[in-house]
Ligand SMILES: NC(=O)c1ccc[n+]([C@@H]2O[C@H](COP(=O)([O-])OP(=O)(O)OC[C@H]3O[C@@H](n4cnc5c(N)ncnc54)[C@H](OP(=O)(O)O)[C@@H]3O)[C@@H](O)[C@H]2O)c1
């Protein structure tokens, strides 16, 4: 007769099913928020970044194994962008290693309308692990935590959009979807197109920012080559200048002028509007003009 006392089984039943997550880009815009949210809810988290210990560097595959050890799932955030030609090989090699090391789930942050990103998504889909893809529109936070912040500070957004509109999305919504995929069942095998609730031209963005800040922010739709010269003169590395060239010349050609419903599908609620982002962010002081800051610190 079988004993009813089966210690191993009892242990298995009682063992908490808390996953251990490696958060790549764990110091970046989405990553640091993913880390904080997982940490606050009692999950085991490891930050994947060149500054972390152990360090993770996409350029140094020999750093990957140590970061994956003891982990069960990974938030895959490729730097600087999946559109880079080198991304495909890195994602292939990384997913192979993750599979061999027993990782069970991957959640990939991807970009919309980028052929190279689509190729990386396919690698994740056929990796042999559970997967969720969060394919995101451009972030609102590019204007406060990224390349365009200084333009808002200076009062003029000068970008070569040719009038194309984009459904800018709040990073908090993207992160909520990533967290759902990492912590809940039912998101496996799903591709979520996360966008904001409306298409916005840069002149709309300037208007929203002006109204939130109570001062005028203008928009200048500058020629593409003038933009490239400007960022080169500012000292942007050649690799990133090529990325900007690709993003503004190819991806911003109108192909992404449509709303996605990933936030509703994953979370059952609508995405936040740019207006709410602008008014909340205006209170933080990140858009205070540099000359005003100089006066304060002089
Ligand atoms: N910005 C947008 O509008 C947008 C829209 C859709 C999708 N995306 C995608 O979002 C991703 C970027 O995510 P994010 O905005 O959350 O990050 P982010 O704020 O751009 O920060 C980049 C992160 O990657 C890390 N990193 C940089 N170089 C690295 C390297 N060689 N090896 C390992 N880690 C490295 C950085 O940490 P350390 O410097 O500490 O290493 C940092 O944590 C890109 O794949 C992009 O395609 C962005």
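We did not get these values from a lab; they are worked out from the coordinates using the rules stated. Predicted, not measured: the structure shown is a model, and the values here were computed from it. Reconstructed Cβ throughout: ideal geometry from the backbone, glycine too, with neighbour counts over all protein chains shown.
Taken over segment 77-98, the residue count meeting the criterion of being in contact with a strand residue (DSSP E or B) (Cβ under 9 Å, 6 or more places away or on another chain), closer than 19 Å to residue 34 by Cβ and within 10 Å of the ligand (Cβ to nearest atom) is 5.
If only residues of segment 113-124 that are surrounded by fewer than 21 Cβ atoms within 10 Å (Cβ to Cβ) and touching a residue at least 60 places away in the same chain (Cβ under 8 Å) are counted, the one that is nearest to the ligand (Cβ to nearest atom) is 113. Scanning segment 129-154 for residues that are near the ligand (Cβ under 8 Å from one of its atoms), more than 14 Å from residue 286 (Cβ to Cβ) and in a loop (DSSP other than H, G, I, E, B) yields 137, 138. Is it true that residue 59 is surrounded by fewer than 18 Cβ atoms within 10 Å (Cβ to Cβ), within 9 Å of the ligand (Cβ to nearest atom), farther than 19 Å from residue 169 by Cα and free of Cβ contacts under 8 Å to residues at least 24 places away in the same chain? It is true that residue 59 is surrounded by fewer than 18 Cβ atoms within 10 Å (Cβ to Cβ), within 9 Å of the ligand (Cβ to nearest atom), farther than 19 Å from residue 169 by Cα and free of Cβ contacts under 8 Å to residues at least 24 places away in the same chain.
Selection within segment 99-112: residues that are within 15 Å of the chain's Cα centre (by Cα) and farther than 15 Å from residue 246 by Cα. The member of this set that is nearest to the ligand (Cβ to nearest atom) is 109.
Tell me which of these residue 105 doesn't satisfy, since it passes every other one: (1) in contact with a helix residue (DSSP H, G or I) (Cβ under 6 Å, 6 or more places away or on another chain); (2) over 21 Å from residue 258 (Cβ atoms); (3) buried (at least 16 other Cβ atoms within 10 Å of the Cβ). So residue 105 meets the others, but not (1).
The set of residues from segment 179-208 being out of contact with any strand residue (DSSP E or B) (no Cβ under 8 Å at 6 or more places or on another chain) and not in a loop (DSSP other than H, G, I, E, B) comprises 179, 180, 183, 204, 207.
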